[in-house]
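Inspection log for the structure reproduced underneath, given as C-alpha coordinates.
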Amino acid sequence: AVISQYPPVDILALKAAKNLEINLWRAEANQTTFPHLGKLIACDALSRSDIDAVANSIALTGAFPDSFPMAWKAVDNSYIMLPTIQAFKDMHKSMTTQGTINFGKSQQLKAALAAATTDVQVAAITWS
(Lines give C-alpha, C1' and ligand atoms only; values in the text may rest on other atoms or scores of the structure.)
Protein backbone atom coordinates (compact mmCIF):
# COMPACT_ATOMS: atom_id res chain seq x y z
CA ALA A 1 0.00 0.00 0.00
CA VAL A 2 1.16 3.51 -0.79
CA ILE A 3 0.94 5.95 2.07
CA SER A 4 0.46 9.49 0.85
CA GLN A 5 1.33 12.60 2.75
CA TYR A 6 -1.70 14.44 4.03
CA PRO A 7 -2.20 17.24 3.35
CA PRO A 8 -0.05 17.18 0.23
CA VAL A 9 2.92 19.51 0.22
CA ASP A 10 2.55 22.49 -2.11
CA ILE A 11 6.14 22.58 -3.33
CA LEU A 12 5.53 25.65 -5.48
CA ALA A 13 4.28 27.64 -2.49
CA LEU A 14 7.25 26.46 -0.41
CA LYS A 15 9.64 27.50 -3.17
CA ALA A 16 8.00 30.91 -3.53
CA ALA A 17 8.28 31.51 0.22
CA LYS A 18 11.93 30.34 0.26
CA ASN A 19 12.74 32.66 -2.66
CA LEU A 20 11.40 35.61 -0.66
CA GLU A 21 13.41 34.43 2.34
CA ILE A 22 16.60 34.32 0.23
CA ASN A 23 15.94 37.91 -0.85
CA LEU A 24 15.55 38.96 2.80
CA TRP A 25 18.76 37.15 3.78
CA ARG A 26 20.68 39.02 1.10
CA ALA A 27 19.17 42.36 2.16
CA GLU A 28 20.14 41.62 5.77
CA ALA A 29 23.67 40.60 4.76
CA ASN A 30 24.07 43.82 2.77
CA GLN A 31 23.18 45.80 5.90
CA THR A 32 25.63 44.21 8.31
CA THR A 33 29.36 44.69 7.70
CA PHE A 34 32.03 44.42 5.04
CA PRO A 35 35.75 43.75 5.43
CA HIS A 36 38.32 46.39 4.58
CA LEU A 37 42.02 46.47 5.49
CA GLY A 38 41.55 43.69 8.03
CA LYS A 39 38.70 45.44 9.82
CA LEU A 40 34.92 45.17 9.62
CA ILE A 41 33.06 48.31 8.58
CA ALA A 42 29.41 48.75 9.55
CA CYS A 43 26.95 48.92 6.68
CA ASP A 44 23.62 49.26 8.50
CA ALA A 45 21.18 51.89 7.20
CA LEU A 46 22.79 54.79 9.11
CA SER A 47 26.36 53.79 8.23
CA ARG A 48 25.43 53.26 4.60
CA SER A 49 23.83 56.70 4.55
CA ASP A 50 27.10 58.18 5.80
CA ILE A 51 29.14 56.25 3.22
CA ASP A 52 26.79 57.36 0.45
CA ALA A 53 26.92 60.99 1.59
CA VAL A 54 30.73 61.05 1.41
CA ALA A 55 30.70 59.25 -1.94
CA ASN A 56 28.16 61.74 -3.29
CA SER A 57 30.24 64.68 -2.07
CA ILE A 58 33.28 63.27 -3.84
CA ALA A 59 31.25 62.61 -7.01
CA LEU A 60 29.69 66.08 -7.04
CA THR A 61 32.58 68.23 -5.89
CA GLY A 62 35.70 66.12 -6.33
CA ALA A 63 36.48 66.57 -2.64
CA PHE A 64 35.66 65.20 0.78
CA PRO A 65 32.85 67.02 2.58
CA ASP A 66 33.85 69.87 4.89
CA SER A 67 35.13 68.63 8.25
CA PHE A 68 35.65 65.06 7.02
CA PRO A 69 37.87 63.39 9.67
CA MET A 70 40.06 61.62 7.06
CA ALA A 71 39.28 58.30 8.76
CA TRP A 72 36.45 55.79 9.13
CA LYS A 73 35.48 54.07 12.35
CA ALA A 74 35.51 50.26 12.23
CA VAL A 75 33.13 48.01 14.15
CA ASP A 76 35.85 47.42 16.79
CA ASN A 77 35.95 51.23 17.39
CA SER A 78 39.41 51.58 15.84
CA TYR A 79 39.92 53.87 12.87
CA ILE A 80 40.95 53.20 9.30
CA MET A 81 42.80 56.19 7.95
CA LEU A 82 41.44 57.64 4.72
CA PRO A 83 43.96 60.35 3.86
CA THR A 84 43.03 60.48 0.18
CA ILE A 85 39.96 60.20 -1.99
CA GLN A 86 41.47 57.03 -3.46
CA ALA A 87 41.63 55.52 0.04
CA PHE A 88 37.90 56.23 0.45
CA LYS A 89 37.21 54.79 -3.01
CA ASP A 90 39.09 51.64 -2.00
CA MET A 91 36.86 51.30 1.08
CA HIS A 92 33.79 51.88 -1.08
CA LYS A 93 35.02 49.19 -3.46
CA SER A 94 35.29 46.75 -0.52
CA MET A 95 31.65 47.47 0.32
CA THR A 96 30.59 46.94 -3.28
CA THR A 97 32.60 43.72 -3.48
CA GLN A 98 30.83 42.34 -0.40
CA GLY A 99 27.48 43.23 -1.95
CA THR A 100 28.49 41.35 -5.10
CA ILE A 101 29.53 38.35 -3.01
CA ASN A 102 26.17 38.44 -1.23
CA PHE A 103 24.37 38.58 -4.58
CA GLY A 104 26.37 35.60 -5.86
CA LYS A 105 25.50 33.62 -2.75
CA SER A 106 21.81 34.40 -3.18
CA GLN A 107 21.99 33.22 -6.80
CA GLN A 108 23.61 29.95 -5.72
CA LEU A 109 20.83 29.43 -3.20
CA LYS A 110 18.21 30.19 -5.83
CA ALA A 111 19.81 27.64 -8.17
CA ALA A 112 19.60 25.05 -5.40
CA LEU A 113 15.99 26.09 -4.84
CA ALA A 114 15.17 25.67 -8.51
CA ALA A 115 16.63 22.16 -8.41
CA ALA A 116 14.83 21.18 -5.21
CA THR A 117 12.02 18.66 -5.65
CA THR A 118 11.00 17.99 -2.05
CA ASP A 119 10.00 20.02 0.97
CA VAL A 120 13.04 18.66 2.83
CA GLN A 121 15.38 19.95 0.12
CA VAL A 122 13.69 23.37 0.21
CA ALA A 123 13.93 23.52 4.00
CA ALA A 124 17.64 22.64 3.87
CA ILE A 125 18.45 25.85 1.95
CA THR A 126 19.87 28.38 4.40
CA TRP A 127 22.12 31.44 4.20
CA SER A 128 24.73 30.16 6.67
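The values are calculated or read from the model by the stated rules, or taken from the named source; none is laboratory data. This is a predicted model, so every value here is computed, not measured. Note: ideal-geometry Cβ built from the backbone for every residue, glycine included; neighbour counts use all protein chains shown. Each accessible area value is taken on the protein alone, full model and side chains, heavy atoms only, with ligands, DNA and RNA left out. Shrake-Rupley method; radii C 1.70, N 1.55, O 1.52, S 1.80 Å.
Numbers at a glance
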{"read-out": "The stretch 82-97 residues near the modelled PHE64 label - backbone nitrogen below 17 Å, point 7 Å along Cα→Cβ", "value": "82-93"}
{"read-out": "Computed Rg/Rh of the stretch 37-97, alpha carbon atoms with Kirkwood Rh", "value": "0.92"}
{"read-out": "Gained length - ALA111 relative to VAL9, 0.36 nm times residue gap less alpha-carbon distance", "value": "34.7 nm"}
{"read-out": "Rounded accessible area of ARG48 (nearest 10 Å², 1.4 Å probe)", "value": "90 Å²"}
{"read-out": "Length released on extending from GLN121 to ALA17, taking residue separation times 0.36 nm less the Cα-Cα span", "value": "36.1 nm"}
{"read-out": "Placed amide H near LEU82: partners under 5 Å, 5+ positions off or other chain", "value": "ALA71, TRP72"}
{"read-out": "Under-5 Å amide H pairs with THR33, H placed in peptide plane, nonlocal only", "value": "CYS43"}
{"read-out": "Cα-Cα pairs of the chain separated by more than 25 Å (percent)", "value": "44 percent"}
{"read-out": "Value of relative contact order over the chain, rounded to a whole percent, pairs C-alpha under 8 Å and six or more apart", "value": "30 percent"}
